[in-house]
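Colleague: Right, I'll just put the structure down here and ask away after.
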Amino acid sequence: MGKTLLQKVWDLHTVRPLSTGQTQLFIGLHLIHEVTTPQAFDMLRARGIGVAFPDRTFGTTDHIIPTLDQVRPFQDTLAEAMLSALERNCAEYDIPLWNLDSDRQGIVHVIGPELGLTQPGMTIACGDSHTSTHGALGAVAFGIGTSQVRDVLASQSLAFDPLKVRRIAVNGTLDNGVFAKDVILEIIHRLGVQGGVGHAYEYGGTAVDQMSIDERLTICNMSIEGGARVGYVNPDQTTFDYLRGRPFAPQGDAFDRAVSWWRSIASDADAEYDDVVDIAATEIEPRVTWGINPEQSVGVSQRIPGPGAAGSNGAVAEALEFMGLSGGMPIKGTKVDVAFVGSCTNSRLSDLREAARIAKGQRVASHVKALVVPGSQAVLAAAEREGLDQVFRDAGFEWRGAGCSMCLAMNPDRLEGNQMCASSSNRNFKGRQGSPTGRTLLMSPAMVAAAALAGEVADVRDIVQRRE
Amino acid sequence: MSNRAVDRIEGSALPLRGDNIDTDRIIPARFLKAITFDGLGDHVFEDDRAAMPHHPFSNPAYQQARIILANDNFGSGSSREHAPQALKRWGIDACLGESFSEIFRGNALAIGLPCATASPDDIARLMDLVENTPATPLALSLSERSVTVDGQPVGIDVEDHVRDAFLTGTWDATGLLLDDFDVVRGVASRVPYIRGF
Ligand code: SF4
């Protein structure tokens, strides 16, 4: 009987089974940022413990950094204190840090793959739930809390409960105007926000096989929104081609040896899964969330469900009330005030290209504030080389510096009052985008661009197909 | 922070109705902008409380509560440890719900805050009871896997390893992980990507 990638990686990294029923796993790569680490370093200091493998931890800054004025010290003294703490801690423990002055700085889940730090067969941990993103390259990547960050620093290992594996096979070809974001929103809608609890999601099928690494990153990113802490795609030629030549990827002969090991770490053809789900790519249309959790989405041609629809404890009614939407109305035509292209889900070069393709030669609706926030300085520079910044500016979008920005609004970019935001991010929770009453509609970057132009939720397929 | 055993949590409870209550609601992201966890307790459910004048965390009747009663998938969303930290710093010493998100439960364990589950019916009954009589004392016992109200024990679930960790005071994992550090080094030396392929 064959094994899954998860089993192989798990076995290779097992330090020891613990009497608790958990397994102590070696962590191959640890990524840190300014929000979830200051307390971890303080705990280490308080206990007089050092960092076990400082060369396996890398730091960057993303969550709190302003995207307009990055002059230090920041006007926001709390943000300044957080970045200063990260600088101090990295210096004290000899941990590399890609700070604002580095062309490698960016959202932690964007730069890991981009620099070739993220590789197939690795175990990866980061104090951030979207660490699942890195699974797109065939790594097993866990989002962890601050006490666990402390434990990785101290021991380069963590204790985990065993995980089941659910294979989600998406077969067929996606319609023009339908993207990886729509696929993962569809998966979460079908399986629910708790569907993945206790599972790793293995994404496959012909539609995923045909996807670029950027698209796979989008899918794995939102595994956590489906309740799965880990999501991955088996490494294949696309993965190897992506990694070749990246700064931290193996070079020369070592790269070829790496490829043969990476091939061997993929799930075997006869691997046994705890569960298998099949999804037809042709059935997926562009999706938009209408509620306050990521499972509450509909296809753009569909209607918002009524308060009587399935859902316990009045979940639909509560969501509709918060969103100020009426059940039974089409989602298309919902007015938006803000449009945000960015976040670790959809801020890579290919995302910006798709949004720019829609925006090119058009104008953002006069009542809409639209901004584009690249995921990293490398993405920003590459986009500028292609002139995407000009396309966006000409259309009336603001072009900003790299960071998390309005995904969670820990920097100055935020919704005001009950603004409605078309957003390419991953969470539509109440208050997520910085205003307690602010509202979020999750969708693909192309759909965000379409909504920015129309001033309301629009079907990007109408634009794409009209132009053909 | 020294480790200590946790078994019985006795006190009144706070009913927090609703499924999928996420970490952004437990502690809005703007309060993550700090380099310590101090003071987080004051901002628990801050936005929900502003929107709902009768929010249980604002209700004087529940200010002494030590146990939170929750519905399905409590603590979903982000991996921020600030969520259980904020609850604990407010005064919560145990969570009892229909279910919890995995990361939330793990983070709560790491700071010595047990999360136990009970059937939806039992949770509904306990919530009704506490809403009618907020001062009702509950006694939650991890060793007996029960919560006792009015002398009547109700069964609760806690995973074996979580229960052991609390009962033996080993919920803080650092010591355990450092126990056999030579083995960690051994694994590092055999992993192909560290050996250089
Ligand atoms: S972009 Fe958003 S989801 Fe991603 S790491 Fe930043 S804050 Fe978290």
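Colleague: Give the interface area between chains B and A as buried accessible surface, both sides summed, probe 1.4 Å, in Å² to the nearest 100. Write out the running numbers ahead of the final one.
Modeller: Numbers: alone 10410 and 17460 Å², together 22620 Å².
Looking at B and A, the buried total is near 5200 Å².
Colleague: If I compute solvent accessible area with a 1.4 Å probe over the protein chains, what percent of it on the stretch A:5-275 is carbon and sulfur?
Modeller: Values: 3970 of 8070 Å².
Using a 1.4 Å probe with all protein chains present, the stretch A:5-275 comes out at 49 percent carbon and sulfur.
Colleague: Percent of alpha carbon pairs in the stretch A:286-467 separated by more than 22 Å? Intermediate values should be presented prior to the final figure.
Modeller: Numbers: 6563 of 16471 pairs.
Of all Cα-Cα distances in the stretch A:286-467, 40 percent exceed 22 Å.
Colleague: Continuing with this model, one more query. Enter the mean number of other protein chain beta carbons within 10 Å of the beta carbon of each residue in A:16-22, as an integer. Please list the in-between numbers first.
Modeller: Values: counts 5, 0, 5, 4, 11, 5, 6.
So the per-residue partner count for this stretch is 5.
Colleague: Take the Cβ-Cβ distance between A:Ala317 and A:Val276 as r, set R0 to 30 Å, and report the resulting FRET efficiency rounded to the nearest 0.05. Walk me through the intermediate numbers first.
Modeller: Details: r = 34 Å, r/R0 = 1.15.
Between A:Ala317 and A:Val276 the formula returns 0.30.
Colleague: With every protein chain left in place, what is the accessible area of A:Lys335 in Å² (1.4 Å probe, nearest 10)?
Modeller: 120 Å²
Colleague: I would also like to ask the following. Report ³J(HN,Hα) in whole Hz for each residue of the stretch B:80-90, in order, from the Karplus equation J = 6.51 cos²θ - 1.76 cosθ + 1.60 where θ = phi - 60°; Gly and Pro get x.
Modeller: Residue by residue, the stretch B:80-90 yields 5, 5, 4, 5, x, 4, 5, 4, 5, 6, 6 Hz.
Colleague: Another question, if that's okay. Hey, got the dipole for the protein assembly as shown? About the Cα centre, +1 on K and R Cβ, -1 on D and E Cβ, debye to the nearest 20?
Modeller: In total the dipole reaches around 880 debye.
Colleague: Does anything in the stretch B:156-197 have its amide N under 14 Å from the 7 Å Cα→Cβ label point of B:Glu144, and if so which residues?
Modeller: B:156
Colleague: Also, I was wondering about something else. Averaged over its residues, how many other protein chain Cβ atoms are within 10 Å of peptide A:186-199's Cβ atoms?
Modeller: Working: counts 0, 0, 0, 0, 0, 0, 2, 8, 8, 0, 1, 6, 1, 1.
Mean partner-chain Cβ count within 10 Å for A:186-199: 2.
Colleague: On to the next question. Per residue of the stretch B:144-150, what does 6.51 cos²θ - 1.76 cosθ + 1.60 with θ = phi - 60° give for ³J(HN,Hα)? Whole Hz please, x for Gly and Pro, Karplus curve as stated.
Modeller: Once θ is set to phi - 60°, the couplings for the stretch B:144-150 become 8, 6, 8, 10, 10, 10, 6 Hz.
Colleague: Per-residue accessible area for B:Glu131 at 1.4 Å probe radius, Å² rounded to 10?
Modeller: It works out to around 80 Å².
Colleague: Here's a follow-up. Looking at the protein assembly as shown, how many pairs of lysines come closer than 30 Å at the Cα, when each pair is eight or more places apart or spans two chains?
Modeller: Value for the protein assembly as shown: 23.
Colleague: Here is a follow-up. Specify the angular offset, from 0 to 90 degrees and rounded to the nearest 10, of the alpha carbon long axis of helix B:181-190 from the longest principal axis of the alpha carbons in chain B.
Modeller: Tilt relative to chain B: about 60 degrees.
Colleague: Just to be sure I understand the model, the point goes 7 Å from the Cα along the line to the Cβ. What's the resulting A:Gln210 to A:Lys360 distance in nm?
Modeller: Label-label distance for A:Gln210 and A:Lys360, simple model: 2.2 nm.
Colleague: Once you have a ≥ b ≥ c as the square roots of the Cα gyration tensor eigenvalues for the stretch B:2-169, tell me rounded if a/c is under 1.5, and otherwise prolate or oblate according to whether a/b is larger than b/c.
Modeller: On the way: a/c = 1.62, a/b = 1.16, b/c = 1.40.
In terms of gyration-tensor shape, oblate.
Colleague: Counting only DSSP beta bridges with both residues in the stretch A:5-275, tell me the antiparallel percent, nearest 5. Walk me through the numbers before you get to the answer.
Modeller: Details: 7 of 30 bridges.
Restricted to the stretch A:5-275, the bridges split so that about 25 percent are antiparallel.
Colleague: Rounded, prolate or oblate: which fits the stretch B:1-67, taking a ≥ b ≥ c as square roots of the Cα gyration tensor eigenvalues, rounded meaning a/c under 1.5, else prolate when a/b beats b/c?
Modeller: Note, shape of the stretch B:1-67 comes out oblate.
Colleague: A follow-up question, please. For the Cα atoms of chain B, what angle does the longest principal axis make with the long axis of helix B:120-132, in degrees from 0 to 90, nearest 10?
Modeller: 50 degrees
Colleague: Tell me which residues come under 5 Å, amide H to amide H, from A:Glu202 once H is placed; ignore anything under 5 positions away on its chain.
Modeller: Under 5 Å from the amide H of A:Glu202 lie the amide H atoms of A:Arg166, A:Arg167, A:Ile168, A:Tyr232, each far enough along the sequence or on another chain.
Colleague: Also: Calculate, for B:Asp128 and B:Gln63, the FRET efficiency according to 1/(1 + (r/R0)^6) with r their C-beta to C-beta distance and R0 30 Å; round to the nearest 0.05. Spell out each step's value before the answer.
Modeller: Details: r = 20 Å, r/R0 = 0.67.
The value I calculate is 0.90.
Colleague: Oh, and also: Please average, across the residues of A:404-410, the number of beta carbons from any other chain that are within 10 Å of each residue's own beta carbon, and give a whole number.
Modeller: Numbers: counts 1, 0, 0, 1, 6, 3, 5.
So the per-residue partner count for this stretch is 2.
Colleague: I would also like to ask the following. Tell me the Kirkwood radius of the stretch A:5-275: reciprocal of the mean inverse pair distance over distinct alpha-carbon atoms, in Å.
Modeller: Numbers: mean 1/r = 0.0519 Å⁻¹.
About 19.3 Å for the stretch A:5-275.
Colleague: Let me ask something additional. At a Förster radius of 35 Å, what calculated FRET efficiency corresponds to the Cβ-Cβ distance of A:Asp161 and B:Phe197, to the nearest 0.05? Mind showing how you got there, number by number?
Modeller: Values: r = 31 Å, r/R0 = 0.87.
Taking R0 as 35 Å, the efficiency between A:Asp161 and B:Phe197 is 0.70.
Colleague: Next question, about the same structure. Would you grab the residues whose amide H sits under 5 Å from the one on A:Glu456? Only those 5+ places off in sequence or on another chain, please, with H modelled 1.01 Å from N.
Modeller: Correct list: A:Val336.
Colleague: Another question about this same structure. Return one whole number: the accessible area per residue of the stretch A:235-365 in Å², for a 1.4 Å probe.
Modeller: For the stretch A:235-365, the solvent-accessible area averages 44 Å² per residue.
Colleague: Using only the alpha-carbon atoms of chain A as identical scatterers, what base-10 log of I(q)/I(0) does the Debye formula give at q = 0.07, 0.08, 0.09 Å⁻¹?
Modeller: -0.33, -0.44, -0.57
Colleague: Cα centroids of the stretch A:315-361 and the stretch A:219-236: how far apart, whole angstrom?
Modeller: 22 Å
Colleague: Take every Cα pair under 8 Å in chain B that's 6+ residues apart, average their separations, divide by the length, and report that relative contact order as a whole percent.
Modeller: Values: 354 pairs, mean separation 50.8, N = 197.
Relative contact order here is 26 percent.
Colleague: Under 5 Å between amide hydrogens, which residues at least 5 positions from A:Ile32 or on another chain qualify, with H placed 1.01 Å from N in the peptide plane?
Modeller: A:Phe58, A:Gly59, A:Thr60
Colleague: Mean separation of Cα pairs under 8 Å and 6+ residues apart, divided by the residue count of chain A: what relative contact order is that in percent? All intermediate terms of the calculation are to be shown ahead of the outcome.
Modeller: Values: 1134 pairs, mean separation 80.0, N = 468.
Reported relative contact order: 17 percent.
Colleague: Continuing with the same structure: Among B:Asp160, B:Asp182, B:Asp22, whose mean-square fluctuation peaks in a Gaussian network model of chain B (Cα, cutoff 10 Å)?
Modeller: Evaluated over chain B, the most mobile residue of the options is B:Asp182.
Colleague: While we're on this one: In whole Å, what is the distance between the alpha-carbon centres of the stretch B:80-121 and the stretch A:362-387?
Modeller: The distance from the Cα centre of the stretch B:80-121 to that of the stretch A:362-387 comes to 40 Å.
Colleague: Can you compute the charge dipole magnitude of the stretch A:5-275 about its Cα centre, using +1 on each Lys and Arg Cβ and -1 on each Asp and Glu Cβ, nothing else charged? Give it in debye, rounded to the nearest 20. Intermediate values should be presented prior to the final figure.
Modeller: On the way: 20 positive and 34 negative charges, 130 e Å.
Charge dipole of the stretch A:5-275: 620 debye, to the nearest 20.
Colleague: Hey, what do the phi angles of the stretch A:125-136 turn into as Karplus ³J(HN,Hα) couplings, whole Hz, using 6.51/-1.76/1.60 and θ = phi - 60°, x for Gly and Pro?
Modeller: Running phi through 6.51 cos²θ - 1.76 cosθ + 1.60 with θ = phi - 60° gives 9, 7, x, 6, 5, 7, 4, 3, 3, 5, x, 4 Hz.
Colleague: Could you work out the relative contact order of the stretch B:1-106? I mean the mean sequence separation of Cα pairs under 8 Å and 6+ apart, divided by the number of residues, in percent.
Modeller: 37 percent
The values are calculated or read from the model by the stated rules, or taken from the named source; none is laboratory data. Computed from a predicted structure; not experimentally measured. Heads up, the Cβs are rebuilt from the backbone with ideal geometry, glycines too, and the neighbour counts pull from every protein chain shown. To get the accessible areas, we keep the full protein, side chains included, count just its heavy atoms, and leave off ligands, DNA and RNA. Shrake-Rupley method; radii C 1.70, N 1.55, O 1.52, S 1.80 Å.
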